[in-house]
1. It is to be established whether one or more residues within the stretch 101-122 are assigned to a strand (DSSP E or B), within 24 Å of residue 17 (Cα to Cα) and at pLDDT below 85.
2. Residues of the stretch 55-78 being part of a loop (DSSP other than H, G, I, E, B) and loosely packed, with under 12 Cβ neighbours inside 10 Å, which ones?
3. List pairs: first residue in the stretch 5-17 and within 14 Å of residue 63 (Cα to Cα), second residue β-branched (Val, Ile, Thr) and surrounded by fewer than 16 Cβ atoms within 10 Å (Cβ to Cβ) anywhere in the structure, Cβ distance under 7 angstrom, at least six positions apart or on different chains.
4. Of all residues in the stretch 4-21, which are over 15 Å from residue 94 (Cα atoms) and of a type outside the set (Asp, Glu)?
5. Does residue 18 fit the bill of being at pLDDT 85 or above and in a loop (DSSP other than H, G, I, E, B)?
6. Any idea how many residues of the stretch 79-100 are within 13 Å of the chain's Cα centre (by Cα) and either surrounded by fewer than 14 Cβ atoms within 10 Å (Cβ to Cβ) or at pLDDT below 85 (or both)?
7. Before we move on, is residue 87 closer than 13 Å to residue 25 by Cβ, among the aromatic types (Phe, Trp, Tyr) and either in contact (Cβ under 8 Å) with a residue 24 or more places away in the chain or assigned to a loop (DSSP other than H, G, I, E, B) (or both)?
Amino acid sequence: MLYDLPELLRRVEKKLADPTVFYMLAAHYYDRDNHPRRRHYPAVFTLHQGEVANLTVGSTDLAFDTALVRFPEDGEEHAPGPWADRFRATIPFEQLYHVMRKVVPAGQPTGKQLHFSSDDSVYYNERVYRDNYPSPWTIMSPEA
């Protein structure tokens with residue numbers, strides 16, 4: 001089912017108040033406010049109650065405050081070892097190719113990982129898919 005993307009993202013924003021609803025976003029790239037380069041191809045974010053803050057749906061992009069646990073890159077200080085990288089992510093609509101939704105009934109355990117499947121796909125950008133970018137369920141699968 002295809003939606004107008006800004007309308008869909010505003011629905012996502014409202015539904016994040018429900019602790020049983022999980023979303024996953026996948027994008028070709030995103031901008032990170034604490035780093036000069038576009039990062040992490042492909043970019044996959046999980047949106048769940050309390051995981052993101054200050055989510056803003058603009059006219060051409062989506063932005064939110066988030067954190068990733070990451071390892072330092074070559075030449076960075078603090079190596080070795082991971083740390084929480086807190087930043088504001090901005091994803092242009094043209095680069096957002098999947099918005100996926102999963103509803104976990106209240107009281108049902110989710111385990112350490114929540115697995116999405118193609119049936120959970122709410123929206124995808126056919127052009128990006130056609131250009132052979134990997135799907136989020138491929139990226140997140142245990143075999144990957």
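The values are calculated or read from the model by the stated rules, or taken from the named source; none is laboratory data. Here the structure is a predicted model, which is why all the values come from computation and not from measurement. Cβ sites come from the backbone with ideal geometry, for glycine too, and all protein chains shown count toward neighbours.
1. First, the residues of the stretch 101-122 that are assigned to a strand (DSSP E or B): 101-103, 121-122.
Within this subset, residues satisfying the condition of being within 24 Å of residue 17 (Cα to Cα) are 101-103, 121-122.
With the extra rule that they be at pLDDT below 85, the set shrinks to 121-122.
Taking every residue of the stretch 101-122 in turn, at least one turns out to be assigned to a strand (DSSP E or B), within 24 Å of residue 17 (Cα to Cα) and at pLDDT below 85.
2. Within the stretch 55-78, 59, 60, 73, 74, 75, 76, 77, 78 qualify.
3. Between residues of the stretch 5-17 that are within 14 Å of residue 63 (Cα to Cα) and residues that are β-branched (Val, Ile, Thr) and surrounded by fewer than 16 Cβ atoms within 10 Å (Cβ to Cβ), there is no close pair.
4. 10, 11, 12, 14, 15, 16, 17, 19, 20, 21
5. Numbers: at pLDDT 85 or above: yes; in a loop (DSSP other than H, G, I, E, B): yes.
Considered against the rule, which asks whether it is at pLDDT 85 or above and in a loop (DSSP other than H, G, I, E, B), residue 18 comes out as yes.
6. Step one: list which residues in the stretch 79-100 are within 13 Å of the chain's Cα centre (by Cα), which gives 88-93, 95-100.
So of that shortlist, the ones also either surrounded by fewer than 14 Cβ atoms within 10 Å (Cβ to Cβ) or at pLDDT below 85 (or both) come out as 97-98.
Final tally of qualifying residues: 2.
7. Working: closer than 13 Å to residue 25 by Cβ: no; among the aromatic types (Phe, Trp, Tyr): yes; either in contact (Cβ under 8 Å) with a residue 24 or more places away in the chain or assigned to a loop (DSSP other than H, G, I, E, B) (or both): yes.
Taking the combined requirement at face value, the residue does not satisfy it.
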